[in-house]
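To start, the structure under review is shown below, and the notes come after it.
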Amino acid sequence: MNISNKFMMRFIRYFLLFYFSITFMICAFFVYFLFTTELDFFEQDLQSVDSITMSEYMQVNGDKVKPANKLINFVKQTDGVLIVMNKAHQVIYNSDKQFQLKPLNTYRSDEFSTWALADGKQVIYIQNSVLNEARRQLEHDESHAQDYLNQHHLSLFVADKTNLKKLSGEFDEDVVNNAIFEHKNHDNFQQYFFVTFYKDGKNYYVIQKNNQPEDTKAIFAENSYLYDKDFMSVVKNFLIWYGWLNLFVLAAILLLSFLIGNRLAQPLRHYSRWVEHLAKGDYAVLNNDKVYKNGRLRRKYRMYSSIDDAIAKLTGKLADDKDYQSKMNVQRENWVRGITHDLKTPLSSIYGYAKLLNSGMPLEAAEKKKFMAIIEDKALYIDQLLKDLNMVYQLKSDGIQFHTEETCLKSYIESFVAQYGNKGLSYVHQENATIHIDASRMDRVLTNIVSNSFTHNLNVEVWINTYMNGHNAVIEIADNGQGIPQEDLEHIFEQFYRGKKTNEHHNGSGLGLSVAKEIVELHDGTIDVVSSEAGTKFLITLPAK
């Protein structure tokens with residue numbers, strides 16, 4: 001079945017469902033009006049009664065309350081409890097003197113109903129207290145739960161794949177299985193009352209015999225009800241007319257569905273084929289002369305413009321994502337190869353020098369110290385790579401906690417320069433501004449940038465300059481090195497990106513600057529870089545107080 005037929009059938013289905021629902025309600029109203037007597041609400045569902053109706057069945061005189069006999073009889077028949085409390089939440093009426101009312105929040109929502117009366121009084125109806133108490137005891141594995149079932153002549157069943165299986169009690173399994181699902185729960189026409197609960201992966205049923213079942217069918221006889229024959233004749237003619245109207249409407253619906261189904265479904269078929277192309281990995285914009293004219297939706301299909309725009313944007317986004325994913329895969333593979341090489345090289349050195357130190361070969365003290373220094377340097381390099389990886393994971397999974405505090409920019413930079421301990425690093429312009437930073441995280445940013453300058457350049461000088469730009473503080477880190485190649489410059493903040501000189505020692509993990517960028521952005525700041533043959537300059541902009 002093609003999409004136009006599906007659309008047409010669905011249109012017919014929902015329209016007919018709506019139309020015949022209205023028809024059914026109208027016919028049901030007439031049948032109810034003609035053939036039923038006034039049906040008391042207690043024979044149906046007490047929970048559907050509103051507070052105004054409930055107040056009509058209550059005689060209230062101060063703290064003295066007398067419910068109507070019909071209400072009392074209904075409560076007794078359903079093994080329920082009726083309680084009335086005054087404004088001070090004191091019980092002034094209880095249909096079962098032995099029943100102790102618990103806080104309402106301990107009951108299930110389907111176990112009780114409440115109504116508000118005048119003067120702040122409240123009526124509470126606890127539905128079938130015997131069944132619900134049995135359910136509560138069984139759910140909590142109380143030791144006397146089985147005694148409670150026996151005392152009140154209740155049976156316990158468990159649901160298996162096809163039927164209910166009796167666990168205790170005197171009721172016959174076949175009778176219960178045939179009768180329990182024929183009527184809704186708490187309907188006085190049924191043979192049994194029941195409540196259910198779920199425990200240990202099984203559904204349990206607590207069954208109670210209905211000792212006063214009412215007949216399920218009403219007997220209508222001419223001498224039992226008063227009705228107007230002329231009025232019945234009018235109703236009969238109305239129903240005949242209404243039947244012909246239904247046939248006419250049905251024919252009109254079918255004709256209308258055929259006329260508009262194909263027209264409205266045309267763009268849907270187009271979008272369906274478009275989505276199928278996307279599912280196959282074809283991210284080209286699909287054109288269709290029946291739907292588009294001069295690159296725009298035809299006027300009669302303008303109602304689909306939002307869908308068309310959305311699918312077009314999705315197509316572009318998927319195409320971009322495909323290209324990006326392809327680039328990232330290549331970049332990740334290059335990074336993995338590079339990081340593997342960077343780990344293998346220092347590990348080889350550590351292994352070689354450790355083997356040499358452990359061989360027992362006579363070595364001078366200076367040689368031993370030199371070898372141990374090399375091992376320490378290589379271990380620190382591996383540790384830095386692992387820290388980069390761990391930092392990336394924490395930033396991506398929000399597993400890193402920032403503890404920002406008010407910091408004097410001048411004092412912070414002076415402390416950083418002193419701790420770094422390289423004569424080639426200097427603080428040239430000192431701005432006495434106040435910023436909010438996590439000092440340990442910001443140290444990571446500055447260390448990464450400054451270390452790159454010293455690592456990738458010979459005889460380089462690095463200086464830090466701080467100044468204000470409006471309401472922002474700027475930390476400028478510049479060097480007079482050889483600069484960063486332009487083909488690398490636009491990618492240096494990307495994860496896994498490594499420069500072209502990947503075989504050089506200490507080229508880095510490809511994560512350091514991406515980590516630095518994320519840390520700065522988490523401080524609500526920005527980081528930029530400019531570079532030329534005269535050197536490289538990083539600009540870190542942070543909000544100032």
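Tell me, what % of the accessible area of segment 235-369 is carbon and sulfur with a 1.4 angstrom probe? On segment 235-369, the fraction of accessible area on carbon and sulfur atoms equals 61 percent. A simple spin-label model places the labels of Asp119 and Val234 4.7 nm from each other, with each point 7 Å out along Cα-to-Cβ. The slack between Leu380 and Lys64, meaning 0.36 nm per residue of separation minus the straight C-alpha distance, is 105.1 nm. If R0 is 56 Å, what FRET efficiency do you get for Ala179 and Ser306 from their C-beta distance, rounded to 0.05? Efficiency at R0 = 56 Å is approximately 0.55.
For segment 59-120, trypsin sites (Lys or Arg not before Pro) meeting the loop criterion (DSSP other than H, G, I, E, B) and having at most 12 other Cβ atoms within 10 Å: Lys87, Lys97, Arg108. On the basis of the beta-carbon distance and an R0 of 41 Å, Asp323 and Ala365 show a calculated FRET efficiency of 0.10.
Per 0.36 nm of contour for each residue apart, how much would the distance between His491 and Arg298 grow if the chain were fully extended, relative to their Cα-Cα spacing?
65.1 nm
Could you provide, to the nearest whole Å², the per residue accessible area of segment 251-291 with probe 1.4 Å?
Numbers: 2470 Å² over 41 residues.
With all protein chains present, segment 251-291 gives 60 Å² per residue.
What segment 66-163 shows is 56 Å² of accessible area per residue, with the surface traced by a 1.4 Å probe over protein heavy atoms. Just the protein heavy atoms count here, and of the accessible area of segment 424-478 at 1.4 Å, carbon and sulfur take up 44 percent. For Ser440 and Leu356, the difference between the fully extended length at 0.36 nm per residue and the C-alpha to C-alpha distance is 26.4 nm.
Label-to-label distance for Leu254 and Asn203 is 4.0 nm, based on points extended 7 Å past Cα in the beta-carbon direction.
For segment 278-347, the set of trypsin sites (Lys or Arg not before Pro) satisfying both a DSSP loop assignment and a count of at most 10 other C-beta atoms within 10 Å is given as Lys280. Entry comment: accessible area of segment 390-488 is 54 Å² per residue, from protein heavy atoms only and a probe of 1.4 Å.
The values are calculated or read from the model by the stated rules, or taken from the named source; none is laboratory data. In this text, all values refer to a predicted model and were calculated from it rather than measured experimentally. Note that we place each Cβ from the backbone using ideal geometry, even for glycine, and neighbour counts take in every protein chain shown. For accessibility, only protein heavy atoms count, side chains too; no ligands or nucleic acids. Shrake-Rupley method; radii C 1.70, N 1.55, O 1.52, S 1.80 Å.
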